[in-house]
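S.K.: Quick one: this structure, given as structure tokens, is what I'll be asking you about.
The values are calculated or read from the model by the stated rules, or taken from the named source; none is laboratory data. Quantities reported herein were computed from a predicted structural model and do not represent experimental measurements. Cβ coordinates were reconstructed from backbone atoms using ideal geometry, including for glycine residues, and neighbour counts include every protein chain displayed. Side chains are part of the model used for accessible areas, which takes the heavy atoms of the whole protein and leaves out ligands, DNA and RNA. Shrake-Rupley method; radii C 1.70, N 1.55, O 1.52, S 1.80 Å.
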Amino acid sequence: MRLLSGALGVLLTLALLTWLLLRGIDTNAPAYAAALRAFDDFALAEASLHRDVLQARAGLLRNYDTLVTALEAMQDAVTRLRSHAQIERLDVGSADRLAATIAQQEELTERFKSGNALLQNSLAYVGLLSTSPAFDAQDAQLAPATGALAAALLYLRRDTSPEAVKALQERIDRFAAQAPTVGPDAEAAQAMLAHARLLRDLLPAVDETLKAFVAMPGRQPLEEMRAQFSNRQSAVEATAQRFRVLLYLVSLLLLIMLVRLGLRLRARARALRRRAVFEHVIAENSTRLINCPPAETDARLKQVLGELCRAIGVERAYVVLDENPIRVHAWSADGTAYPPGWPHQALALFAQLGVTGPDIITVPDVSALPRGTVKDTLAACGVRGWACVPLIRPGRLGGIMAFDALQQTWDNVFPLPVVRLAGDAVANAIERELLDRDRARLAMRLERARRMQMIGSLASGIAHNFNNIISAILGYSEMLEPQLARGTKPAQHIDEIRRAAERGRDLIDSILTFGRRRDARTRPVQVRTLFEEAASLLRVSLSSGVELIIEDVPLDVAVSGEPAQLQQVILNLCTNAAHAIQGSGWIRVTAERKDVAAFLLMSHGELTPGRYVCLAVSDSGRGFDESVARRLFEPFFTTRLAGTGLGLATVLEIVRDHDGAINVQSKPGLGSRFEAWLPAATADSTAAVGPAPLPLGRGETVLVVESERERLLYDEEMLAALGYEPVGFERPADAIAACHSAPDRFDIILVSHASQAQAGLDLAHALRGVAPLQPMLLATASTIDVPVDALVEAGISEVLHRPLASAELAAALARCLRSPKRYERNTITDS
């Protein structure tokens with residue numbers, strides 16, 4: 001279609017140029033030249049006629065055919081002029097008047113020819129008689145009269161005025177009085193008189209005819225016709241001139257268009273070369289991002305941003321992710337520092353512009369923007385050109401990738417589609433990093449759940465038998481001890497047996513505590529309250545040589561968790577620090593709120609971006625080396641003879657259950673520092689007292705699949721009590737059909753299989769194919785035989801253990817509703 005339009009445009013342009021060229025040519029020039037030749041022929045013929053008439057009057061022309069030829073030439077010229085005037089649509093009145101003048105001239109010419117012929121004959125005869133010797137010989141007096149008569153005739157021939165005619169008449173009368181009437185010369189004398197009288201009348205008449213001929217008004221109509229033809233030619237030439245000027249302007253316009261087209265083609269070629277280079281950069285760096293490990297994504301992403309900046313020609317590039325807190329990956333030329341608050345403000349600036357969808361914002365020249373917050377913010381950060389690419393991917397990612405031009409703005413050729421590809425590549429890399437970390441986190445949770453389940457099963461299996469043995473040992477020891485005298489060897493042995501049995505009983509309690517599954521009854525807890533309670537317990541149990549230093553903590557510093565477990569973390573860390581101190585020393589307990597902008601790797605665990613509270617316990621003890629640090633949190637690993645090896649293991653499990661991590665710093669002889677990073681929460685005046693309310697739903701619809709009807713009814717009652725709207729199905733096929741008919745009806749899917757976890761995974765996989773955006777929970781009695789890859793492939797967000805606990809279920813549902821995947825689903829549904 002575009003090719004056809006282009007061909008049609010070329011044809012129209014050629015037609016326009018041809019028309020202007022033809023109109024610019026003076027097509028009237030041949031006709032005007034022919035008219036000029038007719039005017040010249042007429043003037044030449046008229047001049048020839050006047051010449052011949054005058055020559056004939058003077059007696060120099062005896063043949064009158066030239067007069068006829070001249071008149072015919074004049075008539076032919078007038079005929080041609082009339083024809084040209086009719087062709088040019090001019091007024092032919094002048095031609096008619098000129099033709100009438102020629103007719104009059106023809107009539108006068110005929111009259112002149114007749115009179116002039118008689119005149120010339122008479123003049124010749126008079127001349128002949130006046131010179132005859134007969135008049136001189138006959139009478140001496142007649143000769144003067146004859147001479148006088150001849151002289152008067154000659155004068156009248158030159159001057160035909162009335163005075164000359166009167167003088168001639170007097171000479172005629174004198175000659176007549178002296179002329180002989182008889183004799184041989186009487187006839188000649190009478191002939192002389194007759195011719196003299198004829199010339200007296202004929203000369204004035206011929207001269208009058210000649211004057212009338214010369215005075216004919218032929219010049220005026222001729223000039224009128226000449227003016228008409230001249231005006232017509234001037235108009236034609238003016239029109240042709242205008243079309244030639246228009247042709248010149250059109251040609252100049254075409255030249256400008258060709259120059260512009262050439263410049264556009266050149267710019268397009270530059271853009272294509274630039275795009276090719278940019279696509280090569282994107283392809284190369286996309287491969288790098290795909291192949292890089294998740295831990296190297298930040299460094300590799302900065303490298304990619306740097307290469308994109310060099311390809312585009314800007315000085316700064318950054319990726320701002322919409323997380324809490326905001327996560328930033330930034331690169332700048334020569335390592336120049338960013339202005340305060342930038343690029344964190346770029347995300348709010350993009351939201352302020354109100355752009356929806358994948359549209360790219362480009363501002364080639366910030367100074368050209370209208371006055372407002374956007375212009376002021378960019379100008380304050382020294383940005384002269386700005387481009388912003390929204391990072392929108394299905395799932396859990398949202399943010400922007402932006403470029404800043406500081407020195408000079410880029411040209412109008414900005415590869416928007418290619419930059420969009422770059423944004424997609426960066427978004428995919430970040431999303432893949434998040435998915436890999438989620439997968440690792442899920443694997444860690446599953447492994448921990450398996451281990452805890454195994455330990456719990458082992459503990460519950462041996463608890464009764466082991467407790468019976470320990471009880472028997474303690475009972476017989478207590479019964480035997482009163483029978484022995486104090487201080488004796490048997491009494492000392494019995495005392496050691498009793499203490500060993502008590503340590504065994506404590507070990508059983510620690511094993512049961514370590515392996516017992518904890519629920520998710522979390523709530524905001526003030527850190528100051530935890531420290532105060534821990535201080536009151538520790539100061540009683542610590543030795544007098546150990547100084548406990550607890551720094552002051554603001555009231556608004558709080559963590560989200562279970563108070564008893566958090567208290568156990570502080571107590572275990574402080575107890576471990578006290579055991580590391582030999583003699584005297586100090587233990588310092590601090591708390592500090594910190595924001596994590598990117599994934600942070602700790603010595604034992606990893607933190608996702610967010611706000612945390614760092615609980616730190618430092619001591620001046622003996623410290624430890626790397627070999628001890630690697631096994632420090634292993635269950636049953638201890639460096640003390642009297643230790644159980646479960647204190648720090650319990651701390652690690654509690655912190656991990658609270659989605660936190662632990663960082664350990666120690667060197668032999670320089671003491672140790674244990675940091676427990678826990679998710680921060682907003683504290684209030686009642687956070688540390690009373691039971692915490694469960695996170696309730698707001699009428700969200702939960703699809704429940706459970707093959708046993710009694711258990712299904714129990715799950716539905718529990719969900720309804722938590723504020724959700726349960727929709728239960730006993731048959732998996734019915735649940736799949738319900739999702740297929742209305743996939744947006746359900747907000748969360750709960751798949752429950754008490755005994756067969758693999759069957760639940762198969763059902764979850766089928767439901768994921770129908771409703772891929774809904775969060776999915778799996779409730780099963782055991783996950784020991786379930787691989788992590790199967791859970792990730794099936795789209796399982798949380799794993800719950802049967803029987804379901806209301807607090808654990810409420811917390812899992814709340815986490816799923818807060819997840820970015822849920823937000824992405826709502827965004828797609830609203831759009």
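S.K.: Across segment 318-329, what is the total count of residues that are open to solvent by 30 Å² or more (accessible area, probe 1.4 Å) and at pLDDT 80 or above?
M.R.: 1
S.K.: Now for a different question. Return the residue satisfying two criteria in turn: it lies in segment 704-721 and is of a type in the set (A, V, I, L, M), assigned to a helix (DSSP H, G or I) and closer than 16 Å to residue 808 by Cβ, and of such residues it is least open to solvent (accessible area, probe 1.4 Å). First the steps, then the outcome.
M.R.: From segment 704-721, those of a type in the set (A, V, I, L, M) are 704-705, 712-713, 718-721; that's our starting set.
Then keep just the ones that are assigned to a helix (DSSP H, G or I); that gives 712-713, 718-721.
Subsequent filtering for residues that are closer than 16 Å to residue 808 by Cβ retains 718-719, 721.
Working: 718: 21, 719: 1, 721: 80 Å².
Going through the qualifying residues, I end up with 719.
S.K.: Something else about it: Say whether the condition of being without any contact (Cβ under 8 Å) to a residue 40 or more places away in the chain, over 30 Å from residue 25 (Cα atoms) and not in a loop (DSSP other than H, G, I, E, B) is met by at least one residue in segment 195-203.
M.R.: Applying the first criterion (without any contact (Cβ under 8 Å) to a residue 40 or more places away in the chain) to segment 195-203 yields 197, 201.
The next check asks that each one be over 30 Å from residue 25 (Cα atoms); those that pass are 197, 201.
Applying the additional criterion that residues be not in a loop (DSSP other than H, G, I, E, B) yields 197, 201.
Checking segment 195-203: at least one residue is without any contact (Cβ under 8 Å) to a residue 40 or more places away in the chain, over 30 Å from residue 25 (Cα atoms) and not in a loop (DSSP other than H, G, I, E, B).
S.K.: While we're on this one: Restricting to segment 205-236, count the residues that are open to solvent by less than 90 Å² (accessible area, probe 1.4 Å) and in a helix (DSSP H, G or I).
M.R.: The qualifying residues number 22.
S.K.: Residue 253: surrounded by 14 or more Cβ atoms within 10 Å (Cβ to Cβ) and modelled with pLDDT of 80 or more, yes or no?
M.R.: no
S.K.: Can we say residue 278 is assigned to a helix (DSSP H, G or I) and open to solvent by less than 20 Å² (accessible area, probe 1.4 Å)?
M.R.: Answer is yes for this residue.
S.K.: For segment 194-204, name all the residues that are surrounded by fewer than 20 Cβ atoms within 10 Å (Cβ to Cβ) and either at pLDDT below 80 or among the basic types (Lys, Arg) (or both).
M.R.: Within segment 194-204, just 197 meets the criteria.
S.K.: Also, quick follow-up: Quick check on my filter: what residues within segment 557-568 are in a strand (DSSP E or B) and either surrounded by fewer than 22 Cβ atoms within 10 Å (Cβ to Cβ) or in contact with a Cys (Cβ under 8 Å, 6 or more places away or on another chain) (or both)?
M.R.: 557, 560
S.K.: Which one is modelled with the highest pLDDT, of the residues in segment 512-528 that are open to solvent by 30 Å² or more (accessible area, probe 1.4 Å) and not in a loop (DSSP other than H, G, I, E, B)? Before you say what the answer is, go through the steps one by one.
M.R.: Step one: filter segment 512-528 for residues open to solvent by 30 Å² or more (accessible area, probe 1.4 Å), giving 512-513, 516-519, 521-524, 528.
Filter again for not in a loop (DSSP other than H, G, I, E, B), leaving 512-513, 523-524, 528.
Values: 512: 58, 513: 56, 523: 73, 524: 83, 528: 88.
Only one residue fits best here, namely 528.
S.K.: Of all residues in segment 640-656 being in contact with a Lys or Arg (Cβ under 9 Å, 6 or more places away or on another chain) and at pLDDT 80 or above, which is nearest to residue 596 (Cα to Cα)?
M.R.: Within segment 640-656, the first condition is being in contact with a Lys or Arg (Cβ under 9 Å, 6 or more places away or on another chain), and the residues that meet it are 642, 644, 653-654, 656.
Going one step further and asking which of them are at pLDDT 80 or above, we end up with 653-654, 656.
Details: 653: 21, 654: 21, 656: 17 Å.
If we take residues in segment 640-656 being in contact with a Lys or Arg (Cβ under 9 Å, 6 or more places away or on another chain) and at pLDDT 80 or above, then 656 is nearest to residue 596 (Cα to Cα).
Residue by residue, here is whether (1) open to solvent by 20 Å² or more (accessible area, probe 1.4 Å); (2) assigned to a helix (DSSP H, G or I); (3) β-branched (Val, Ile, Thr); (4) in contact with a strand residue (DSSP E or B) (Cβ under 9 Å, 6 or more places away or on another chain) holds:
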position	(1), (2), (3), (4)
543	yes, no, no, no
555	yes, no, no, yes
570	no, yes, yes, yes
579	yes, yes, no, no
593	yes, no, no, yes
606	yes, no, no, yes
614	no, no, no, yes
623	no, no, no, yes
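S.K.: Take segment 350-364 and flag every residue that is outside any strand (DSSP E or B), of a type outside the set (Phe, Trp, Tyr) and either at pLDDT 80 or above or within 21 Å of residue 422 (Cα to Cα) (or both).
M.R.: 351, 355, 356, 357, 358, 359, 360, 364
S.K.: Suppose the filter is farther than 19 Å from residue 151 by Cβ and open to solvent by less than 80 Å² (accessible area, probe 1.4 Å); does residue 182 pass it?
M.R.: no
S.K.: Hey, another quick one. Go through (1) open to solvent by less than 80 Å² (accessible area, probe 1.4 Å); (2) in contact (Cβ under 8 Å) with a residue 24 or more places away in the chain one by one and return the number of the condition residue 244 breaks.
M.R.: For residue 244, the failing item is (1).
S.K.: Select from segment 581-591 the residues that are buried (at least 16 other Cβ atoms within 10 Å of the Cβ) and of a type outside the set (Lys, Arg) and write down the one among them that is modelled with the lowest pLDDT.
M.R.: Selected residue: 581.
S.K.: Given the condition within 39 Å of the chain's Cα centre (by Cα) and at pLDDT 80 or above, answer yes or no: does some residue in segment 752-766 qualify?
M.R.: No, there is no match, as no residue in segment 752-766 is within 39 Å of the chain's Cα centre (by Cα) and at pLDDT 80 or above.
S.K.: Take the conditions in a loop (DSSP other than H, G, I, E, B) and modelled with pLDDT of 80 or more and apply them to residue 342. Does it pass?
M.R.: yes
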